Amino acid sequence: MHKLVKNYVVKYFAGLTNEAEIPLEAMDDAAVVGDIVLKSDSHAVKPIFFPGGDIGRIAISGTVNDISCLGAEPYALACGLILEEGWLLSDFEKVLASMRQACIEAGVGIVTGDTKVVEKGALGGCVMNLSGIGRRTAALEQNLRGIKQHRPEFAARWILDSNLATGDKIILLGTVGDHGLAVLSAQKGLHFGSGIKSDVKPLNRLIQRMLGEVGGVVAMKDPTRGGLADALNEWSEKSHVGILVHENKIPIREDVRAASEMLGLDPLDVGNEGKIIVGAVPAKAEQILKFLKQTDEGKDAEIIGEATNEFKGVAMQTVVGGKRIIARPIGDPVPRIC
């Protein structure tokens, strides 16, 4: 997907506007035009309902979290629905109710959209697009001032993938792989003898508190498709730094680890919908971790690594003492998880 977008979509649309502060070709979580953060995200998760969530909750959370990862506060959403002929109205209402609940949690509403119906058998129920806009906040400005106390040369106005510098600490909000394994279990009718559920949730309120109350955050990303491995590689590529993570610091539920081993999956490659990774100036990393651990969403947070100039790309310090390369996943190990 990364190569498809970079080599084809960006090829045709890059440079068409001079007004974008963060343009398409930056390939960040969202764009910035006229100090407004803009994001559009499509969702085709299969099945529509899975342990811990559904397509509607993913759609709201995904768009809200992508806007939030630039440091902005989402304040309006647009929803495009494509429904399959014959889809049960009772299921439609379940999805709408779930979307409403996610909107309430995020403090943002759907203000416009579009609906289409296609022939039976074309979709498996529905697919949808969620777009949203976000704006700068006092918390973002406070965070930027905090960064400059430790890095006076820092010039970025937003929290971007390209902001990471040597020595910055990498913080993971919590366990990885939960969402992908939950969807896979629903797709294949698998039962792992445990309560593996999706982590899908909007994180904008947590993020704004972290920026305003602690600060020092230079980069943020939600490790969705491609999981933690893809997100870290994107940071490394855009920031031109190496990233070293420590295997014993990466939180993974034991049932997720066991299910992944049984299925031949690497939990680092599996997508998440309610987690973020945070790049922070070293002086603020422990404060950020303490803050996160006091929240429900971040109780399993850990400092998992740091940026380095000793090598390019992403590597893991293993528990047996060696290092191994963490490459971008080739393809999606669990298809249609979002």
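The values are calculated or read from the model by the stated rules, or taken from the named source; none is laboratory data. Remember, it's a predicted structure, so these values are computed and weren't measured experimentally. Because the Cβ atoms are built from the backbone with ideal geometry, glycine has one as well, and the counts that use them run over all protein chains shown. Surface accessibility is based on the protein's heavy atoms, side chains included, excluding ligands, DNA and RNA. Shrake-Rupley method; radii C 1.70, N 1.55, O 1.52, S 1.80 Å.
When the GluC sites (Glu not before Pro) in segment 106-194 are filtered for DSSP coil states and for at most 12 other beta-carbon atoms within 10 Å of their beta-carbon, the remaining sites are GLU119, GLU153. Only the Cβ atoms of Lys and Arg (+1) and of Asp and Glu (-1) were treated as charged; on that basis the dipole of the chain about its Cα centre amounts to roughly 320 debye.
Taking only the Cα atoms of segment 49-197, the ratio Rg/Rh comes out at 1.06, with Rh defined as the Kirkwood radius.
Need one word for the chain: rounded, prolate or oblate. Basis is the Cα gyration tensor (sqrt eigenvalues a ≥ b ≥ c); a/c below 1.5 gives rounded, then a/b vs b/c decides. Taking the square roots of the gyration eigenvalues as a ≥ b ≥ c, the chain is oblate.
Dipole magnitude for segment 1-108: computed about the Cα centre from +1 point charges on Lys and Arg Cβ and -1 point charges on Asp and Glu Cβ, it is near 320 debye. Adding -39500 (n - 2.57) for every DSSP H run of four residues or longer, then dividing by how many residues the chain holds, sets the calculated 222 nm ellipticity at -9500 deg cm²/dmol. In this structure, the residue pairs whose Cα-Cα separation is over 18 Å, taken from LYS169/LYS238; LYS249/LYS293; LYS3/LYS201; LYS6/LYS238, are LYS3/LYS201. Once the dipole of segment 94-235 is set up with Lys and Arg at +1 and Asp and Glu at -1 on Cβ about the Cα centre, which of THR112, VAL200, LEU211 lies farthest towards its positive end? In segment 94-235, that residue is THR112. Accessible surface for the chain, divided over its residues, is 45 Å² per residue with a 1.4 Å probe. For trypsin sites (Lys or Arg not before Pro), the sites in segment 43-128 that DSSP calls loop and that have at most 15 other Cβ atoms within 10 Å are LYS120. Within the chain, DSSP assigns beta bridges of which about 80% are antiparallel (rounded to the nearest 5). Amide hydrogen proximity for GLY113: with H placed 1.01 Å from N in the peptide plane, the residues at 5 or more positions away or on another chain lying under 5 Å are CYS79. With both residues required to sit in segment 10-126, DSSP beta bridges show an antiparallel share near 50%.
Peptides 14-23, 307-316 ranked from most to least packed, by the mean per-residue count of other Cβ atoms within 10 Å: 307-316, 14-23. Per-atom-type breakdown for the chain gives carbon and sulfur 53% of the accessible area (1.4 Å probe, protein chains only). Taking a ≥ b ≥ c as the square roots of the eigenvalues of the alpha carbon gyration tensor, segment 244-338 is oblate, as a/c is not under 1.5 and a/b does not beat b/c. Ranking GLY279, ILE304, GLY331 by how far each Cα lies toward the positive end of the dipole of segment 189-338 (charges on Cβ) leaves GLY279 at the top.
Quick one: compute the contact order of the chain, relative version, from alpha carbon pairs under 8 angstrom and 6+ residues apart, as a percent. Before the final figure, lay out the partial values.
Numbers: 759 pairs, mean separation 73.6, N = 338.
It rounds to 22 percent for the chain.
How many percent of the alpha carbon pairs in segment 115-193 exceed a separation of 15 Å? Considering segment 115-193, 77 percent of its Cα-Cα pairs are separated by more than 15 Å. Sorted largest first, the spans of the alpha carbon positions of segment 75-160 along the three principal axes are 59, 24, 19 Å.
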